[in-house]
Amino acid sequence: FIIPEFQDFCKELEDIYWKCKENTNGKVASYIPQLKRMNPNYWGVSVCTIDGQRFSIGDVGIPFTIQSCSKPLTYGIALDLLGEEMVHKYVGQEPSGRNFNELVLDHNKKPHNPMINAGAILVCALLKTVAGPEMTLAEKFDYTLNYFVRLAGGEDLGFNNAVFLSEREAADRNYALGFYMREHKCFPEKTNFKECMDFYFQCCSLEMSSDTLSVMGATLANGGICPLTEEKVLKSESVRDVLSLMHSCGMYDYSGQFAFKVGLPAKSGVSGALLVVIPNVMGISLWSPPLDPLGNSCRGVQFCEELVKKFNFHRYDNL
Ligand code: GLN
């Protein structure tokens, strides 16, 4: 086993879980009613190792929308289908140093990276327009969902239509980003703007439990092979690129500090989800709705910081 004393390890995780449970900082996202209604006490931690050992505690069976945690996954799928060179003709690899939805492009007039809204919208355009352009939006959604299901080892995935509809209603900024990119000719030729935006909102509205999200993390930790099914879902080169950008850009404008303190690739979402990858070891899903001012789950971030105090999981431990 990759973690030989798994029971002891889980006991430590439980202690950290209870410690973080006491943290009542942060505010639940309120820009759409479906998120605003979320119970701030929800707190779940799930682990799936690359050899399929699993542990979970707390609210790990309740579905939540993955929101921005979809960004590294759609990016990975785009890399797999189109290759790194094609994808990065359209989107950069640099932290923006700004908010995730800020109206800003890099000096080449490209979105800074695929982990912020502008970049993720563009990745959706690539998936829709360049990879299999003959597919309708419905077919493309099915096709992408199928990738997600395989990344999750066949576990249950849902789609929250109320969240999707609300996202689309409350999307002035995302449309502004889209129009700004269209003005600068960022999109691939023949992009259907409306469909591309819908596709982005749909990816944000995919719903799953913490347990399932941890399997996706484990597939990334395992170089693209799902530990539950042994299926190679993504190429290892794609996973390498995904993890690199999660490491430098995955935690909004806290990414630099997170890389320093925790030293692990991670991606957070506005639902309070946090997907953490320990390469060659495990995927971790953390979910708790209250967010800090930068938009990361308060309990989630605390958990990561406590975890690397106890274990040498930081990328530059053990040197
Ligand atoms: N649906 C959100 C948005 O596009 C996703 C962003 C996030 O999770 N930070 O604004």
Subject >> Tally, over the range 62-77, of residues that are over 21 Å from residue 251 (Cα atoms) and either within 11 Å of the ligand (Cβ to nearest atom) or among the hydrophobic types (A, V, I, L, M, F, W, C) (or both) >> reply: 1
Subject >> Which numbered condition residue 51 fails, given (1) of a type in the set (Asp, Glu); (2) assigned by TED's automatic domain parsing to the domain that holds residue 230; (3) under 27 Å from residue 291 (Cα atoms) >> reply: (3)
Original post:
Which one of these is away from the ligand (no atom under 16 Å from the Cβ), touching a residue at least 60 places away in the same chain (Cβ under 8 Å) and either assigned by TED's automatic domain parsing to the domain that holds residue 151 or of a type in the set (A, V, I, L, M, F, W, C) (or both): 215, 163?
Top reply: 215
**OP:** List every residue pair whose Cβ atoms lie under 8 Å apart, where the two residues are 6 or more positions apart in sequence or sit on different chains, the first residue falls within the range 169-185 and is more than 14 Å from residue 122 (Cβ to Cβ), and the second residue, located anywhere, is in a loop (DSSP other than H, G, I, E, B) and among the hydroxyl-bearing types (Ser, Thr, Tyr).
**Re:** 170/31
Original post:
In the range 56-69, is there at least one residue being among the small types (Gly, Ala, Ser) and part of a helix (DSSP H, G or I)?
Top reply: yes
Subject >> Residues being in a loop (DSSP other than H, G, I, E, B), crowded, with 18+ Cβ neighbours inside 10 Å and away from the ligand (no atom under 16 Å from the Cβ) - total across the range 230-255 >> reply: 2
**OP:** Would you mind finding the one in 13, 35, 82, 73 that is over 19 Å from the mean Cα position of the chain (by Cα), buried (at least 18 other Cβ atoms within 10 Å of the Cβ) and under 24 Å from residue 157 (Cβ atoms)?
**Re:** 82
Subject >> Subset of the range 100-123 [part of a loop (DSSP other than H, G, I, E, B) and within 16 Å of the chain's Cα centre (by Cα)] >> reply: 100, 101, 113, 114, 115, 116
Subject >> Sole exception among (1) within 16 Å of the ligand (Cβ to nearest atom); (2) more than 17 Å from the chain's Cα centre (by Cα); (3) crowded, with 24+ Cβ neighbours inside 10 Å for residue 126, by number >> reply: (1)
Original post:
Got a sec? Which of 196, 203, 186 is modelled with pLDDT of 95 or more, within 16 Å of the ligand (Cβ to nearest atom) and more than 30 Å from residue 278 (Cα to Cα)?
Top reply: 196
Original post:
Can you pull out the residues in the range 256-276 that are touching a His at 6+ places or on another chain (Cβ under 9 Å) and either within 13 Å of the ligand (Cβ to nearest atom) or part of a strand (DSSP E or B) (or both)?
Top reply: 266
Subject >> Which listed residue is surrounded by 18 or more Cβ atoms within 10 Å (Cβ to Cβ) and under 14 Å from residue 46 (Cα atoms), from 300, 295 >> reply: 300
Original post:
Considering the range 132-141 alone, what residues qualify as being more than 19 Å from the chain's Cα centre (by Cα) and either outside any loop (DSSP other than H, G, I, E, B) or crowded, with 19+ Cβ neighbours inside 10 Å (or both)?
Top reply: 137, 138, 139, 140
Subject >> Of the criteria (1) surrounded by fewer than 21 Cβ atoms within 10 Å (Cβ to Cβ); (2) in contact with a helix residue (DSSP H, G or I) (Cβ under 8 Å, 6 or more places away or on another chain); (3) under 27 Å from residue 170 (Cα atoms), which one residue 61 fails >> reply: (3)
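The values are calculated or read from the model by the stated rules, or taken from the named source; none is laboratory data. For clarity, every value in this text was computed on a predicted model and none was experimentally measured. Backbone-built Cβ (ideal geometry, glycine too); neighbour counts: all protein chains shown.
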